[in-house]
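**Q** Mind having a look at this structure? Questions to follow.
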Amino acid sequence: MRIASVLRTATFGAVLFGAAILATLPVGGQTKRIVLIAGRPSHPPGMHEFRAGSLLLQKALSGVPGIKVDVYDMGWPAKMVDGARVDDSSLLDGADGILIYADGGKGNPAIQGERMKVIDALAAKGVGLGFGHYGVEVPAGVPGEAFQRWLGGYYETNWSVNPMWKPDFQKFPNHPITRGVGPFATHDEWYFNMRWTPDAALAKRITPILVAKPSDEVRKGPYVSPRGPYDHIIAASGRDETMMWAFERPDGGRTFGFTGGHTHANWGDANQRKIMLNALLWMAKVEVPKEGVKDTITADDLTQNLDPKPPRK
């Protein structure tokens, strides 16, 4: 009787374990491919570590069944032709979700050459998109309008702001991206006051994920660049601001924006890391586990793959 009882218990446990794995597998059991596009090195050591951050996220997702994560650095997938580096957008074929974590503005990788057409074509197929930190910024005009289509909003110079501050994220919406995420606060260059789409129907598709209330001191600046203060930011004193959001696109795809990620060490915060990992699964249409993504990242992992940069003077 004891042997039978043990066998029943073991069998039941194996069924539960198998069910837990299947709950995280993509629908149909097919492997989902997530591409992380890491920007070129910039800023002093420990800041804008796009490559190291992307490789960290890749490692953090390595334990999730049915997921393949590819990292391309230097701003866009490329190949060498006659000794020159040229775009190879074919490397994005078959991607279920793409994150661009890179410098932005006029140099944003998403808007160079024919890449906007590439992203438009991928979005039309329902491919998920994500934009991290400076990657949410593009110039106003055609690039900004594209980001409003893809992301619902974007960082616009002299409209949005980039202070170094420590928002206190205490409450979260009921959304797959927030599963298992607890309150956290990291001192970083958290952007806010995005230039949101003027299209009311598109605006309804935006879900604020990370929301906090900047103090009057934060609103008055200084901002990182331009230093400010800006009258319209001060006039909004007392208003909650959105630092991460999810966007359900009309084409059936999913996009998210995340304005933190300036300081590499902040990926050591388990809740900040989890909300990003959850978002990567969500944009690729992978069911996010009930308690969110669990990883095995250690403090030592944060010291790996850093860009070679001269010490800050």
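**Q** Largest first and to the nearest Å, give the Cα extent of the chain along each principal axis.
**A** 78, 55, 48
**Q** Straight-line reach from Lys68: which aspartates and glutamates have Cα under 17 Å away, leaving out those fewer than 8 places along the same chain?
**A** Correct list for Lys68: Asp93, Asp96, Glu287, Asp295.
**Q** Pick from Val81, Val71, Val35: which residue has the top mean-square fluctuation in a GNM of the chain where Cα pairs under 10 Å get a spring?
**A** Highest fluctuation among the options: Val81.
**Q** Accessible area per residue of region 144-302 at 1.4 Å probe, in Å²?
**A** Using a 1.4 Å probe on heavy atoms only, each residue of region 144-302 averages 41 Å².
**Q** What do you get for the angle between helix 270-283 and the principal long axis of the chain? Use alpha-carbon atoms, 0 to 90 degrees, nearest ten.
**A** 80 degrees
**Q** Between His175 and Lys125, what is 0.36 nm times their sequence separation minus the Cα-Cα distance? Round to one decimal in nm.
**A** So the extension gain works out to 15.7 nm.
**Q** Under 10 Å from the Cβ of Arg149, count the other residues' Cβ atoms, weight Lys and Arg +1, Asp and Glu -1, and hand me the total.
**A** Residues near Arg149 contribute -3 overall.
**Q** Hey, for a label at Ala201 modelled as a point 7 Å past Cα toward Cβ, could you say which residues of region 232-257 have their backbone N under 19 Å away?
**A** 247-255
**Q** Further question: Counting only protein heavy atoms, what percent of the accessible surface of the chain is carbon or sulfur at a 1.4 Å probe?
**A** 56 percent
**Q** Moving on to the next point. Tell me, in nm to one decimal, what length is gained between Ile297 and Met80 on full extension, where the rule is 0.36 nm per residue of separation less the Cα-Cα distance?
**A** 74.8 nm
**Q** Something else: Under 10 Å from the Cβ of Arg40, count the other residues' Cβ atoms, weight Lys and Arg +1, Asp and Glu -1, and hand me the total.
**A** My count for the surroundings of Arg40 gives -2.
**Q** For region 127-223, what is the convex hull volume of the alpha-carbon atoms per residue, in Å³?
**A** 120 Å³
**Q** Distance between the C-alpha centers of region 100-157 and region 255-313? Whole Å please.
**A** Here the answer is 20 Å between Cα centres.
**Q** Against the longest principal axis of the chain, how steep is helix 2-24, in degrees 0 to 90 to the nearest 10, with axes from Cα atoms?
**A** Here the helix axis deviates by roughly 30 degrees.
**Q** Separate question: On the Cα set of region 177-313, report Rg and Dmax in Å, please.
**A** Cα-based Rg and Dmax for region 177-313 come out at 17.0, 49 Å.
**Q** How far is helix 115-124 tilted off the main Cα axis of the chain, in degrees rounded to 10, range 0 to 90?
**A** Compared with the principal axis, the helix lies near 40 degrees.
**Q** Among the DSSP beta bridges whose two residues both lie in the chain, what percent are antiparallel, rounded to the nearest 5?
**A** Expressed as a percentage, antiparallel bridges in the chain total about 50.
**Q** Right, another one. Could you quote the convex hull projected area for region 48-143, Cα atoms only and averaged over all directions, in nm²?
**A** 7.0 nm²
The values are calculated or read from the model by the stated rules, or taken from the named source; none is laboratory data. Keep in mind that this is a model prediction, so the values were computed, not measured. FYI the Cβ positions are ideal-geometry reconstructions off the backbone, even for glycines, and counts take in every protein chain you see. Ligands, DNA and RNA are stripped out before the accessible areas are found, and what is left, the full protein with its side chains, is counted by its heavy atoms. Shrake-Rupley method; radii C 1.70, N 1.55, O 1.52, S 1.80 Å.
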